[in-house]
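Here the structure comes first, spelled out in structure tokens, and everything after it is commentary.
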Amino acid sequence: MIRASELVTVFVDADNTLWDTDRVFASTQLRLLHDVEESLGLTWPDEDRLQFVRAADQELASLHHDGLRYPPALLVRALSLALDGMDPVRAAKIALHGSEPAKIYADQEGVILNRYFQSLKALPQLKKGVADGLRQMKELNWNILMVTESAVTRARETADALSISQFFDRVLEGRKRPELYQRILKLVGSPSNAYMIGDQIDRDIAPAKQAGLKTIYFPGGFKPRWHDEEASPPPDFVISDFREAVQIIRLEHAC
Ligand SMILES: [Mg+2]
């Protein structure tokens with residue numbers, strides 16, 4: 001019989017680990033750029049439109065106290081300044097300080113923002129091997145815990161819509177600090193056989209490693225500009241398909 005202390009516990013990050021949130025963000029940001037262009041009658045000529053939006057977006061996120069959750073009206077204002085010829089990074093700073101009058105009328109800005117929020121509600125796609133990998137983990141009776149820094153209700157809704165919610169024993173919301181992992185490990189009673197699978201070295205891998213978990217890095221498309229990967233401890237494993245995590249853990253435990 002397997003003792004509780006031998007049970008495998010797997011923490012899995014949600015956004016960009018289970019599903020491709022970044023792709024939804026990218027298409028939403030491109031739509032926003034298109035809407036701002038239409039309002040102003042101006043067009044960004046360069047081919048890399050996403051890079052243009054993200055230059056302003058990353059500057060706003062790095063300066064705003066809410067980080068990536070800064071109000072998107074700021075991005076509308078930054079892009080309208082940048083489309084008018086200002087460098088996008090400088091445009092983001094000016095938009096944040098509100099030192100230039102808005103180029104788009106408030107009602108038009110409201111329409112653009114409504115479309116932005118609607119577009120963000122699109123269902124993301126599962127990342128490679130996720131449904132199969134979770135099914136295999138469940139068949140092995142592993143404890144599977146989803147951990148997210150966004151709202152639990154949103155994560156549950158997405159997991160339901162993608163038909164993977166039945167694989168999770170719990171969905172946890174909280175800042176991914178080492179204390180979070182330690183607290184949950186006490187509840188599940190398997191500190192020596194615990195793993196964290198995530199797409200961000202600084203948020204998923206580093207704190208989990210600090211808490212004594214083995215770490216599996218499943219890179220996503222989005223890397224914040226301000227994050228220095230070299231400065232973080234390396235993950236124990238790197239995968240490019242979620243099913244590889246099952247193989248890794250099985251080899252470690254000979255199960
Ligand atoms: Mg993530």
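The values are calculated or read from the model by the stated rules, or taken from the named source; none is laboratory data. No experiment lies behind these values; they were computed from the predicted model shown. Neighbour counts are summed over all protein chains in view; Cβ atoms, including those assigned to glycine, are modelled from backbone coordinates with ideal geometry. With ligands, DNA and RNA removed, areas are computed over all heavy atoms of the protein, side chains included. Shrake-Rupley method; radii C 1.70, N 1.55, O 1.52, S 1.80 Å.
Of 100, 47, 59, 149, the residue with the largest accessible area leads and the full order is 47, 100, 149, 59 (1.4 Å probe).
3J(HN,Hα) couplings calculated from phi for the range 147-157 with the Karplus curve 6.51 cos²θ - 1.76 cosθ + 1.60 (θ = phi - 60°) are, in sequence order, 10, 9, 8, 8, 5, 4, 4, 5, 5, 5, 4 Hz; Gly and Pro show x.
FRET efficiency for the residue 251 to residue 170 pair, using the beta carbon distance and R₀ = 25 Å, is estimated at 0.45.
The alpha carbons of the range 23-120 give a radius of gyration and a Dmax of 11.9, 32 Å, in that order. Measuring nothing but protein heavy atoms, the accessible surface of the range 23-120 at 1.4 Å probe radius is 51 percent carbon and sulfur. Summarising the amide proton neighbourhood of residue 215: residues at separation of 5 or more, or on other chains, whose placed amide H is nearer than 5 Å comprise 196, 236, 237. Applying 1/(1 + (r/R0)^6) with r as the Cβ-Cβ distance of residue 210 and residue 47 and R0 = 35 angstrom yields a FRET efficiency of 0.25. Between the amide H of residue 200 and those of 205, distances stay under 5 Å, these residues lying 5 or more places away or on another chain, with hydrogens modeled in the peptide plane. Of the three principal axes defined by the Cα atoms of the chain, the extents in descending order read 70, 36, 30 Å.
Note that the range 137-143 has calculated 3J(HN,Hα) couplings of 4, 5, 5, 8, 6, 7, 7 Hz, one per residue in order, obtained from phi through the Karplus relation 6.51 cos²θ - 1.76 cosθ + 1.60 (θ = phi - 60°); glycine and proline are x. Entry comment: accessible area of the range 23-120 is 54 Å² per residue, from protein heavy atoms only and a probe of 1.4 Å. Shape call for the range 154-223 from the C-alpha gyration tensor, a ≥ b ≥ c root eigenvalues: rounded (a/c under 1.5), prolate (a/b greater than b/c) or oblate? It comes out oblate by the Cα gyration axes. Once the Cα-Cα distance is subtracted from the 0.36 nm per residue extended length, the residue 123 to residue 183 segment shows a gain of 18.4 nm.
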